[in-house]
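Contents: one structure, followed by commentary.
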Amino acid sequence: MVVPGKSRGFTGEKIIEVPAAMVEKCLSMPLISALLITRMGFYPKAQHHYYHRPAGISQVIFLYCTDGQGWVDLPTHRLIMQAGDFLAIPPFLAHSYGADPQNPWTIYWFHYIGNGSPQLLDAFRDRTGNYLHTGRVVYSTERVKLFDQIFETFLKGYSTANLLYANLTLSYFLASFLVPENFEPPSPISDTHNPVYQAIDRMQNSLSEPLTVEEFARSVHLSVSFFSRKFKLATGYAPIEYFNHLRVQKACQLLHFSDLRVNEVAAEIGIHDPFYFSRLFKKHMGFSPVEYRKIEGRYRRKQPPES
């Protein structure tokens, strides 16, 4: 049972209800069957907005509040949602939610299904500490643009291309909540004062220098052990592992776009032992530098000539 509490729309509201036949079509499309939209909407200053679902629904409900305030009642507790808060409500979970009467919320929302939705709920649990608690992100115009792109794509019709684009973009939209630090680059001020970003900047500008972890730590005025822990916590990699990854990516570019010999490519990234370079390259890329160049050359030759 669904009991809507609003008898009229909200000025500026948007809503898309994807037809059941189109949902079935999406479920048969491998690229998007893991995660697809069934409904979506935007309610600005949604006064009197209220829903009560004693048995929940068969889809995940994702709510994102950008202004005002609202509440969500779950079987064990009530959540207050304010600007920046988001929440994923699992399927078949009893719930009610509504707008604060004095300061009604503005919300963007999706209903979605797919065989990947349980794993996505696990990811939200890791982000918030619990399925049934809110997370919070900084407001981003880019995130809202993604919502608008999905909405406008559905308005153009339900062609295969439109269904693919809208539903694949949903994954990107939700990723902006799961890993907001990747979606929104740190401000220049935080970059200037963050030793990890300082070190990465040094790495990117020193690919031809055989630098050590001691030199990176010294450049940001930290001990080696503290710097290494801080760097791995921020990036998931040890400092030298990350530096070598950047060097190998530079080597790929040189192998692809230049006629330098392999030992010359190695020298360009600060490695003067070609055997070590080959081992390092193969560890990261799965091919030796010579094999990589042959493969890339074969692909380039397969491209049709310009007309």
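Condition check: of a type outside the set (A, V, I, L, M), touching an Asp or Glu at 6+ places or on another chain (Cβ under 9 Å) and in contact (Cβ under 8 Å) with a residue 40 or more places away in the chain. Does H48 satisfy that? Working first, answer last.
On the way: of a type outside the set (A, V, I, L, M): yes; touching an Asp or Glu at 6+ places or on another chain (Cβ under 9 Å): no; in contact (Cβ under 8 Å) with a residue 40 or more places away in the chain: yes.
Criteria not met by H48.
Is at least one residue of segment 182-192 part of a helix (DSSP H, G or I), of a type outside the set (A, V, I, L, M, F, W, C) and modelled with pLDDT of 90 or more?
The answer is no, given that none of the residues of segment 182-192 is part of a helix (DSSP H, G or I), of a type outside the set (A, V, I, L, M, F, W, C) and modelled with pLDDT of 90 or more.
Can we say Y43 is among the aromatic types (F, W, Y) and crowded, with 22+ Cβ neighbours inside 10 Å?
Working: among the aromatic types (F, W, Y): yes; crowded, with 22+ Cβ neighbours inside 10 Å: yes.
Judged against the criteria, Y43 is a match.
Taking the residues in segment 46-64 that are within 11 Å of I107 (Cα to Cα) and modelled with pLDDT under 95 as candidates, determine which candidate is surrounded by the most Cβ atoms within 10 Å (Cβ to Cβ).
Initially, segment 46-64 is screened for residues within 11 Å of I107 (Cα to Cα), giving 46, 49, 62-64.
Those left that are additionally modelled with pLDDT under 95: 46, 49.
Details: A46: 24, H49: 20.
Among those that are within 11 Å of I107 (Cα to Cα) and modelled with pLDDT under 95, it is A46.
What tally of residues in segment 253-292 results from selecting those that are assigned to a helix (DSSP H, G or I) and surrounded by 18 or more Cβ atoms within 10 Å (Cβ to Cβ)? It would help to see each step written out before you state the result.
Our first condition is that a residue be assigned to a helix (DSSP H, G or I); within segment 253-292, this holds for 253-257, 262-268, 274-285, 289-292.
Next, from what is left, pick out any that are surrounded by 18 or more Cβ atoms within 10 Å (Cβ to Cβ): 254-255, 262, 265-266, 277-278, 280-281, 289, 292.
Of the residues in that region, 11 qualify.
Quick check on L222: is it at pLDDT 90 or above and under 17 Å from A199 (Cα atoms)?
On the way: at pLDDT 90 or above: yes; under 17 Å from A199 (Cα atoms): yes.
In short, yes.
If I ask for residues that are closer than 25 Å to V72 by Cα and not in a helix (DSSP H, G or I), which ones from segment 133-177 would you list?
H133, T134, G135, R136, V137, V138, Y139, S140
Which residues, counting only those in segment 207-237, are assigned to a loop (DSSP other than H, G, I, E, B) and in contact (Cβ under 8 Å) with a residue 12 or more places away in the chain?
Of everything in segment 207-237, those that are assigned to a loop (DSSP other than H, G, I, E, B) and in contact (Cβ under 8 Å) with a residue 12 or more places away in the chain turn out to be L207, S208, E209, P210, L211, T212, V220, H221, L222.
Within segment 142-181, take every residue that is charged (D, E, K, R), within 23 Å of Y43 (Cα to Cα) and surrounded by fewer than 16 Cβ atoms within 10 Å (Cβ to Cβ) and give me the one that is modelled with the lowest pLDDT. It would help to see each step written out before you state the result.
Taking segment 142-181 and keeping what is charged (D, E, K, R), we get 142-143, 145, 148, 152, 156, 181.
Cutting the leftovers down to within 23 Å of Y43 (Cα to Cα) gives us 142-143, 145, 148, 152, 156.
Keeping just the survivors that are surrounded by fewer than 16 Cβ atoms within 10 Å (Cβ to Cβ) gives 142, 145, 148, 152, 156.
Values: E142: 92, K145: 94, D148: 95, E152: 92, K156: 87.
Taking the candidates together, the pick is K156.
Would you pick out the residues in segment 84-106 that are of a type in the set (A, V, I, L, M) and either within 20 Å of the chain's Cα centre (by Cα) or not assigned by TED's automatic domain parsing to the domain that holds V144 (or both)? Can you show your working first?
Taking segment 84-106 first, the residues of a type in the set (A, V, I, L, M) are 87-89, 93-94, 99.
Those that are of a type in the set (A, V, I, L, M) and either within 20 Å of the chain's Cα centre (by Cα) or not assigned by TED's automatic domain parsing to the domain that holds V144 (or both): L87, A88, I89.
The values are calculated or read from the model by the stated rules, or taken from the named source; none is laboratory data. Just so you know, these numbers come straight off a predicted model, no measurement behind them. Reconstructed Cβ throughout: ideal geometry from the backbone, glycine too, with neighbour counts over all protein chains shown.
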